[in-house]
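What follows is a single structure, written as structure tokens, with notes after it.
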Amino acid sequence: MTTFKSNHLFVERPRDGVWVVRFVRPDLRAQLDDDANAAACPLYQELFEHALADLREGQTVILNFGLVEQFPTAFYRCLLKIRELVTARHARLLLCRLSPEHEEIFRLFRGFDLFHVTNTEGRALHEATAGKEVARRVSPGNGRKGESC
Amino acid sequence: MRTARREQVILAAAQRRLLPQAAPEFPGYELCLAYRPTRVVTGDYHDFFPRPDGRLAVFVGDGSGHGPVASMLTTTMRTILHTHARLHRNPGATLSRVAPLFYATTVADQFMTGVYLLLGEKGRVSWASAGHDPPQRVSPRGEVTPVDLGPVGLPLGLSAATGYATVRWRLCKGERLLLFTDGLVETRREDGEVFGRHRLRAGLAGLASVPLPEMVRRLIAQAEAHQRSGQFEDDVTIVAVERVA
């Protein structure tokens, strides 16, 4: 079931068409340090290689933030980039286990309008397999960054 | 590398010339500016816009990222705000008009948060926020109004067509507003604990009776003391406002 493990990510594919990515370090800032292009940062590159590259229509990526403590704006930029790709592939992106500190940032950035967030990974897995209703319920985005996750 | 460093220094000097070095004087209010860039060039942007109707607009923004790339966002925002005079209406309408222009001139994963504050006669103020901390409001007795994120809209650059609400307040004499960038509240101790908005609010409450510039100086000192290194990780900008008449 485990498809990839590094110092930063733990990627599983618990069922066909569903990737679960757990960030395994509390502070990933060193992996996010590319001001010019979020897609060029090491974390995005690693994510792309092991969870996004083969993503197809109708499939789901779940990002688990349970172990993440530091959430700089660079992480949010990385999420926007992931969302852009996932939307372009007509796939789904679910986030789970945000801490109260993460939620504060999401409220400020209106991240809950852009991303579908669940409390637990189990809930995210359930929603990943519960049909396409979730995708329809996610708030609309915009032309450049896609319509939904 | 020496050439690159020199070019950064030149860029920083050019950027400093674009940013106001002090808050303007404005009847009925006292304003105070503090600006602490951590890198050579900065992603924080502050500006003041005297309006033909006698009011004064204040913008405090924070470009995503750090350094030269973030500084490009500040320049883009400054260009938009300075070259489109008709953008400047009530705060919500202003940000709603800025949004498509900023969106069209930046790339997909870059954004800027910002708060636009308009100061008027007799304590009438209004503001709008794009993914940015709303103004902290402090009474002369040190009561800090709870922050409502309901009116806060998307950061600028994430959507071409998004609206922003205008919040209207009437300040009493002695009431204060604090606009700030997140470098102030996200400064961290070695164990990772941030200074946080709760400490900022406590600081504001405890400093309500000291003069405005002293309040700003002590708030920065409190955040620096929290981090202990005395060096912020991120740019810090504060614009403090007090109704004085």
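The values are calculated or read from the model by the stated rules, or taken from the named source; none is laboratory data. None of these values were measured; they are calculated from a predicted model. Here the Cβ positions follow ideal geometry from the backbone for every residue, glycine too, while neighbour counts run over all protein chains shown.
The rows are residues; the columns are (1) crowded, with 17+ Cβ neighbours inside 10 Å; (2) out of contact with any Lys or Arg (no Cβ under 9 Å at 6 or more places or on another chain).
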| site | (1), (2) |
| --- | --- |
| B:Glu30 | yes, no |
| B:Ser64 | yes, no |
| B:Arg89 | no, no |
| B:Val107 | no, yes |
| B:Phe111 | yes, no |
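I'd like the full set of residues that are surrounded by fewer than 18 Cβ atoms within 10 Å (Cβ to Cβ) and either within 17 Å of B:Pro50 (Cα to Cα) or touching a residue at least 24 places away in the same chain (Cβ under 8 Å) (or both), limited to the range B:91-105.
Selection gives B:Ala93, B:Pro100, B:Ala104, B:Thr105.
Limited to the range A:28-43, what total is found for residues that are under 15 Å from A:Val68 (Cα atoms) and either at pLDDT 95 or above or surrounded by 14 or more Cβ atoms within 10 Å (Cβ to Cβ) (or both)?
The total comes to 5.
How about the range A:76-149: which helices (runs of 4 or more DSSP H) wholly inside it have at least 2 residues that are farther than 16 Å from A:Trp19 by Cβ and at pLDDT below 95?
A:100-109, A:111-114, A:133-137
What single numbered condition from (1) part of a helix (DSSP H, G or I); (2) within 23 Å of B:Asp235 (Cβ to Cβ); (3) within 14 Å of the chain's Cα centre (by Cα) fails to hold for A:Phe71?
(1)
Residues that are closer than 26 Å to A:Gly111 by Cα and within 17 Å of the chain's Cα centre (by Cα): list the helices (runs of 4 or more DSSP H) wholly contained in the range B:1-114 that include at least 3 such residues.
Fully inside the range B:1-114 and qualifying: B:67-83, B:91-104.
What single numbered condition from (1) of a type in the set (D, E, K, R); (2) more than 25 Å from A:Thr73 (Cα to Cα); (3) within 14 Å of chain A (Cβ to nearest Cβ) fails to hold for B:Glu186?
Going through the list (1) of a type in the set (D, E, K, R); (2) more than 25 Å from A:Thr73 (Cα to Cα); (3) within 14 Å of chain A (Cβ to nearest Cβ), B:Glu186 breaks only (2).
Restricted to the range A:1-21, and to residues that are among the basic types (Lys, Arg) and either without any contact (Cβ under 8 Å) to a residue 40 or more places away in the chain or in contact with a Lys or Arg (Cβ under 9 Å, 6 or more places away or on another chain) (or both), which residue is farthest from A:Glu121 (Cα to Cα)? It would help to see each step written out before you state the result.
Kept after step one, since they are among the basic types (Lys, Arg), are these residues of the range A:1-21: A:5, A:13, A:15.
Now drop any that are not either without any contact (Cβ under 8 Å) to a residue 40 or more places away in the chain or in contact with a Lys or Arg (Cβ under 9 Å, 6 or more places away or on another chain) (or both), which leaves A:5, A:13.
Values: A:Lys5: 18, A:Arg13: 13 Å.
It comes out as A:Lys5.
State whether one or more residues within the range B:183-201 are of a type in the set (Gly, Ala, Ser), assigned to a loop (DSSP other than H, G, I, E, B) and modelled with pLDDT of 95 or more. Break it down stepwise before answering.
Filtering the range B:183-201 down to residues of a type in the set (Gly, Ala, Ser) leaves B:183, B:192, B:196.
So of that shortlist, the ones also assigned to a loop (DSSP other than H, G, I, E, B) come out as B:183, B:192.
Narrowing further to those that are modelled with pLDDT of 95 or more: none.
No - not one qualifying residue is present in the range B:183-201.
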